Amino acid sequence: MARQDVFGWGRYDPFEEMRRLQEEVNRAFSASVGGARSLAPGEFPALSVYANEDGIAVTAELPGVRAEDLEVSAFQDTLTLRGKRPAPAEAKAYHRRERQQGEFVRTLNLPFRVDPERVEANLEDGVLRLSLHRPEQEKPKRIKISAA
């Protein structure tokens with residue numbers, strides 16, 4: 001995200017613009033090559049991300065997705081959710097269809113690197129809860145100031 005200046009105007013961040021463009025290219029590429037339907041942010045699954053100095057907590061709404069149909073991967077500062085939600089067996093002709101179904105991929109850039117060996121994941125009642133921990137060597141260190 002571009003940082004805000006004191007007057008509320010966003011500063012132009014060329015690196016953020018390159019990350020956004022890369023995400024769009026990745027979405028288009030994975031949809032055409034991998035067969036998975038990549039979704040724009042705000043579609044499926046809906047995410048909430050909370051960060052502090054120790055790590056990141058992510059919740060994803062995944063109603064109808066079974067744990068065996070879901071893959072979660074973390075690499076450096078990138079989290080990827082990949083899975084599928086099957087269509088209802090009785091659905092032949094829709095009058096209205098608003099719920100996502102089929103394969104999905106959701107990639108999220110995190111505010112810092114995470115330790116992939118310390119990721120905890122739990123899927124319960126259609127909500128995926130992830131706890132991603134920051135590597136100890138990358139946590140901010142308090143510096144003691146001596147006074148003369």
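The values are calculated or read from the model by the stated rules, or taken from the named source; none is laboratory data. These figures come from a predicted structure and were not determined experimentally. Backbone-built Cβ (ideal geometry, glycine too); neighbour counts: all protein chains shown.
Of the conditions (1) modelled with pLDDT of 90 or more; (2) under 19 Å from SER131 (Cβ atoms); (3) of a type in the set (D, E, K, R), ASP77 clears all except one; give me its number.
Unmet condition: (1).
Show the residue pairs meeting these rules: Cβ distance below 8 Å; 6+ apart or different chains; first residue within the stretch 110-136 and over 17 Å from TYR50 (Cβ atoms); second residue polar (S, T, N, Q) and not in a loop (DSSP other than H, G, I, E, B).
PRO116/SER73
Go through the stretch 2-24 residue by residue and tally those that are surrounded by 10 or more Cβ atoms within 10 Å (Cβ to Cβ) and either at pLDDT below 80 or not basic (Lys, Arg) (or both).
11
Would you please name the residue that is nearest to the chain's Cα centre (by Cα), looking only at residues in the stretch 107-135 that are of a type in the set (D, E, K, R) and at pLDDT below 90?
The selected residue is ARG113.
Which one of these does PRO86 not meet: (1) modelled with pLDDT of 85 or more; (2) surrounded by 11 or more Cβ atoms within 10 Å (Cβ to Cβ); (3) of a type outside the set (Phe, Trp, Tyr)?
Only one criterion in (1) modelled with pLDDT of 85 or more; (2) surrounded by 11 or more Cβ atoms within 10 Å (Cβ to Cβ); (3) of a type outside the set (Phe, Trp, Tyr) is unmet by PRO86, namely (1).
Of all residues in the stretch 93-137, which are assigned to a loop (DSSP other than H, G, I, E, B) and out of contact with any Asp or Glu (no Cβ under 8 Å at 6 or more places or on another chain)?
Once the filter is applied, which keeps residues that are assigned to a loop (DSSP other than H, G, I, E, B) and out of contact with any Asp or Glu (no Cβ under 8 Å at 6 or more places or on another chain), the stretch 93-137 yields ALA93, TYR94, HIS95, ARG96, ARG97, GLU98, ARG99, GLN101, ASP115, VAL119, ASP125.
Being modelled with pLDDT under 85 and farther than 27 Å from GLU16 by Cα, is that true of even one residue in the stretch 35-58?
yes
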